[in-house]
Every structure is written in C-alpha cells, then in structure tokens.
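Okay, so here's the structure we're looking at.
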Amino acid sequence: MMRHPDHLGDEERRQFTTVLAQCPELTALRRHVRTFAQIFTTRSGQHLKDWVTATRAEDLPGLHTFTTGLEKDWDAVVQGLTTCWNSGPVEGRVNHIKMIKRQMFGRTKLPLLRKRVLLTAAQGNRRHQA
C-alpha cells in the first residue's frame with residue numbers, strides 16, 4: 001500500500017489485487033493514500049482541502065485521525081506541501097547539537113559545548129565545499 005505500484009513484483013501485485021477485491025475499505029484507503037502521495041510528491045498543497053473533504057466522506061477512522069492532525073497546523077502543512085522551502089538543514093543541526101550535549105552530559109559546562117558545536121559546524125562546512 002505504501003510502495004509505488006511500479007515497484008511491486010508480479011506476485012505482490014496479484015496478492016494485493018486479491019486483497020483489495022475482498023475489502024472495499026482497503027480499496028478506498030489505497031485511493032486516498034495514493035492521492036495524498038501525489039499531492040506530496042508534486043507539491044500541490046492547493047489540492048489538500050479537497051483531499052481532506054473526500055477522505056472525511058469515507059468511513060476510514062485512521063485517515064480521519066490523520067486529517068485532524070493536519071488541520072491543527074493547516075497553514076504550515078499547506079506551505080510544506082506547496083513550496084520547496086523546508087527546515088531540514090536547521091533541524092539536522094539542532095539534532096546534532098542535542099547529540100553532542102547528550103554525549104557530554106554531566107562532564108563539562110557550556111563553553112566546551114559551544115566549542116564542540118562550532119568545531120563540528122566548521123568541519124561540516126569544509127566537507128560541503130570540497
């Protein structure tokens with residue numbers, strides 16, 4: 001269900017088709033998951049509201065929970081599904097700083113943490129320039 005149909009083997013495709021034929025809810029779920037994947041990969045967040053409306057019309061509690069989560073921060077979700085801008089590099093840096101902090105827990109104070117963070121940032125910049 002989560003893999004692109006082109007990446008399924010012949011036997012997997014036959015088994016999946018058999019399962020879908022026996023479960024209309026799973027067929028509906030597949031349709032909605034594929035549509036969301038298309039919105040996600042083509043950055044067409046403008047279609048998200050229509051997708052949420054169509055999803056809510058089905059008896060699929062798992063997707064209803066997912067759409068409720070999307071609606072809690074709607075503007076950010078639509079921006080994330082529409083623009084090419086993201087906070088991935090920043091989140092990666094924050095995660096790295098937290099890892100260094102955990103490694104040093106209880107052993108030293110802020111000045112050494114600061115030096116280690118700046119040193120690893122400088123090393124990362126040199127790797128990207130090479």
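Of all residues in region 60-81, which are touching a helix residue (DSSP H, G or I) at 6+ places or on another chain (Cβ under 7 Å) and either among the basic types (Lys, Arg) or closer than 19 Å to Ala28 by Cβ (or both)?
Leu60, Leu63, His64, Thr67, Leu70 - these are the residues of region 60-81 that are touching a helix residue (DSSP H, G or I) at 6+ places or on another chain (Cβ under 7 Å) and either among the basic types (Lys, Arg) or closer than 19 Å to Ala28 by Cβ (or both).
What number of residues within region 28-70 satisfy the criterion of being outside any helix (DSSP H, G or I) and open to solvent by less than 40 Å² (accessible area, probe 1.4 Å)?
2
Name the residues in region 71-92 that are in contact (Cβ under 8 Å) with a residue 12 or more places away in the chain and open to solvent by 90 Å² or more (accessible area, probe 1.4 Å), would you?
Matches in region 71-92: Gln79 only.
Just to be sure, is Leu60 over 20 Å from the mean Cα position of the chain (by Cα) and closer than 28 Å to Met1 by Cα?
When the stated conditions are applied, Leu60 passes them.
The values are calculated or read from the model by the stated rules, or taken from the named source; none is laboratory data. Only a predicted model underlies this, so the values are computations on that prediction, with no experimental measurement involved. Here Cβ is always computed from backbone atoms with ideal geometry, including for glycine, and neighbour counts include all displayed protein chains. Only protein heavy atoms, including side chains, enter the accessible area calculation; ligands, DNA and RNA are left aside. Shrake-Rupley method; radii C 1.70, N 1.55, O 1.52, S 1.80 Å.
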